[in-house]
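J.: Pasting a structure here, questions to come.
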Amino acid sequence: MKILFVASEVSPFAKTGGLADVTGSLPRALKKKGHDVRIIMPLYQCVEEDDFTIRKVRKGVEITVNGEVRKGLLRQTSLDHIPVYLLENRDYFHRPELYGTPAGDYPDNSRRFGFFCRGVIELLKRMDFRPDVIHCHDWQTALIPVLLKYGHQEDPFYRKTALVYTIHNLAYQGVFEREALPDLGLDDSHFTIERLEFYNRINLMKGGILAADVVNTVSDTYCREIQTEEMGCGLEGVLRLRSHDLYGILNGIDYQEWNPATDPALFKKYTPSSLSGKAANKKGLQKALGLQQAADIPLLAMITRLSTQKGIDLLEKLLPRFARERLQLVILGTGDEKYMTMLKDFKETGAGNISIHLAFDTALSRRIYAGSDMFLMPSHYEPCGLGQLIALRYGSVPVVRKTGGLADTVFDRRDGVRDPNGFTFDDYTPEAFLEAITRALDAYRDRKSWDKMVRIGMHSDYSWEHSAAEYDALYEKALTKVVY
Ligand code: ADP
């Protein structure tokens, strides 16, 4: 099968969150299954400035955006022999960030991603690659199913192409004022309730959900949750309309990339049978961060986008208490200004057992996963969550709120499971979060049973093998819907 991934971020080229991990690793798992997989994404400043080998391809497009002709040039790099096409337009993509600054989104995001989606559709026709499946991700690429379903019905090039749309986070829908229609290359005929109109504004995610042949999200629980009023972010009705074509497929992580036995960023490599190596990482991390070097003090960690979704307000309420307890806490995160300020202010109080890093730092994140005993994810909602999967792989026991993908991957003894791998709580309150942490801290004192739980986590399999097979089946389903 020929599969094209269209995404706004792909690891290791550009990443703000889990979407990049998925679009960077799922294609590799699908390639292993024998598919011809390719990826296309924008050529951002961060990609140009990194060490990637980027080739020029003598192809380009001209897209009219609001009456102005905008040029896009094609560049190419690769990811484990998978071709990765990069669409270049310096006005739109040569910027310090992908989507906006901490103060807010770039005001021309409708033009930037409208240009990208339309560029992809035009470019494919000039390339030697007619995909059987175009797999789009999140709002930034939702325009592709919309345009192909309604604008290219007669186009023989796309007639046999199936459209798969994956929702990685329903909260980011790509909502724009009606005036942005020309930014997207659309006229008023698309501004209807059956297509893009949603409460008198454009909603790209809604358009993608309705236009794609099949839709999925990234865990079974989140798939159920988003069809409810409480968690549907307003789109629950639209999703219920598509419920027969809506699936949940749990994300995996790349077990080669995230492997404590080979990770060069670590102070010492380790496996489930050599946990002393993990202890060496804890010591190394404590030293590097200026924390007291003591093996028996539990080291808790959080690596996260600083956004309301991630439960930062629960963390905020508990920080003063953590500062008084015999524990250590490392926080690595970037994101919303209000949380950056809150954490910067807290840092200035000088709590010696809490180490705060307001940055995006993958190497440090690896050392934290390896050096920590517990990994906190008190998310308000969580489509899948990769942090807890990486934490399990690195033997850091997750303490999570039981929602979305966290509920599908972290199992607590209180729920009657035989082999618990972490701790969960239900209510979105600091008290419930603290109660789960307290149970984890109590359990930590019994090192033998704690190490058992660490090993259960490290042995669990959240690699892509299983999920790639489910995507394979999803593509087959999508192809059966293509009528020609
Ligand atoms: P989301 O995609 O909602 O941000 P996920 O848990 O699905 O959350 O994925 C987050 C990914 O981003 C993980 O790989 C995590 O390690 C990484 N990450 C998040 N914040 C940082 C940071 N400040 N520095 C390095 N990596 C980070």
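J.: If you wrap a convex hull around the alpha carbons of region 126-172, what volume per residue comes out, as a whole number of Å³?
T.: Enclosed volume per residue, from the Cα hull, is 80 Å³.
J.: What are the extents of the Cα atoms of region 276-461 along their three principal axes, listed from largest to smallest and rounded to whole Å?
T.: 43, 34, 29
J.: Among Pro83, Thr192, Thr161, whose Cα sits farthest toward the positive end of the charge dipole of the chain (+1 at Cβ of Lys/Arg, -1 at Cβ of Asp/Glu, about the Cα centre)?
T.: Pro83
J.: Which number do you get for Rg(Cα) / (2.2 N^0.38 Å) in region 338-423?
T.: 1.22
J.: Give the calculated FRET efficiency between Asp345 and Glu62 to the nearest 0.05, with a Förster radius of 41 Å applied to their Cβ-Cβ distance.
T.: The pair Asp345/Glu62 has a calculated efficiency of 0.25.
J.: Treat each spin label as a single point 7 Å out from the Cα along the C-beta direction, and report the Lys32 to Glu229 distance in nm.
T.: Using points 7 Å along Cα→Cβ, the separation is 4.5 nm.
J.: Show me the trypsin sites (Lys or Arg not before Pro) within region 379-484 that DSSP assigns to loop and that have at most 14 other Cβ atoms within 10 Å of their Cβ.
T.: Those that pass, being in a loop and sparsely packed, are Arg418, Arg445, Lys481.
J.: R0 = 41 Å: FRET efficiency of Ala323 with Asp51, Cβ-based, nearest 0.05?
T.: Given R0 = 41 Å and the Cβ-Cβ separation, E is 0.50.
J.: Also: Label Asp188 and Thr101 with points 7 Å out from Cα along Cα→Cβ: what is the distance between them in nm?
T.: 3.7
J.: Quick one: grab the alpha carbon gyration tensor of region 375-444, order the square roots of its eigenvalues as a ≥ b ≥ c, and give me rounded if a/c is under 1.5, else prolate or oblate depending on whether a/b is larger than b/c.
T.: rounded
J.: So what's the projected area for region 156-286, the Cα convex hull averaged over all directions, in nm²?
T.: 13.3
J.: Tell me the mean residue ellipticity at 222 nm calculated for the chain from its helices only (DSSP H runs of n ≥ 4, each -39500 (n - 2.57), averaged over every residue, nearest 500).
T.: Helix-only estimate at 222 nm: -11000 deg cm²/dmol.
J.: Note down the magnitude of the dipole of region 276-461 about its Cα centre, charges +1 on Lys and Arg C-beta and -1 on Asp and Glu C-beta and zero elsewhere, to the nearest 20 debye.
T.: It comes to approximately 720 debye.
J.: About the Cα centre of the chain, how large is the charge dipole given +1 on each Lys and Arg Cβ and -1 on each Asp and Glu Cβ? Please answer in debye to the nearest 20.
T.: So the magnitude is around 1440 debye.
J.: Largest first and to the nearest Å, give the Cα extent of the chain along each principal axis.
T.: Here the spans come out as 67, 46, 43 Å, largest first.
J.: A further question on this structure: Roughly how many whole Å is it from the C-alpha centroid of region 218-243 to that of region 403-431?
T.: Centre-to-centre (Cα) distance: 21 Å.
J.: Sum up the charges of everything whose Cβ sits under 13 Å from the Cβ of Ser273, counting Lys and Arg as +1 and Asp and Glu as -1, but leave Ser273 out.
T.: Result for the local shell: +3.
J.: Testing the spin-label approximation: label points 7 Å from Cα along Cα→Cβ at Gln293 and Lys452. State their distance in nm.
T.: My value for the distance between the label points is 3.3 nm.
J.: Using only the Cα atoms of region 1-81, build the gyration tensor, take square roots of its eigenvalues as a ≥ b ≥ c, and label the shape rounded, prolate or oblate: rounded if a/c is under 1.5, else prolate if a/b is larger than b/c, else oblate.
T.: Judged from the Cα gyration tensor, region 1-81 comes out prolate (a/c at least 1.5, a/b above b/c).
J.: How much length is gained if the chain between Leu275 and Asp461 is pulled fully straight, taking 0.36 nm per residue apart and subtracting their Cα-Cα distance, in nm to one decimal?
T.: Between Leu275 and Asp461, full extension yields 65.1 nm more.
J.: Tell me the GluC sites (Glu not before Pro) within region 390-484 that lie in a loop according to DSSP and have at most 16 other beta-carbon atoms within 10 Å.
T.: none
J.: Summing Lys, Arg as +1 and Asp, Glu as -1, what charge do residues with Cβ under 9 Å from the Cβ of Gly335 carry, Gly335 excluded?
T.: That sum, taken over residues with Cβ under 9 Å, equals 0.
J.: Just subtract the alpha-carbon distance of Gln256 and Met1 from 0.36 nm times their residue separation and send over the number in nm, one decimal.
T.: Contour length minus Cα-Cα distance gives 89.4 nm.
J.: A follow-up question, please. Compute the acute angle (0 to 90°) between the alpha-carbon long axis of helix 430-444 and the principal axis of greatest extent of the alpha-carbon atoms of the chain; round to the nearest 10°.
T.: Roughly 60 degrees between the two axes.
J.: Projecting each Cα onto the charge dipole of the chain (Lys/Arg +1, Asp/Glu -1 at the beta carbon, about the Cα centre), which of Cys384, Pro182, Gln309 comes out farthest on the positive side?
T.: Among Cys384, Pro182, Gln309, the one farthest towards the positive end of the dipole of the chain is Cys384.
Computed from the coordinates by the stated procedures, all read-outs in this text should not be read as laboratory data. In this text the structure is predicted, and so the values were computed from the model without any measurement. Reconstructed Cβ throughout: ideal geometry from the backbone, glycine too, with neighbour counts over all protein chains shown.
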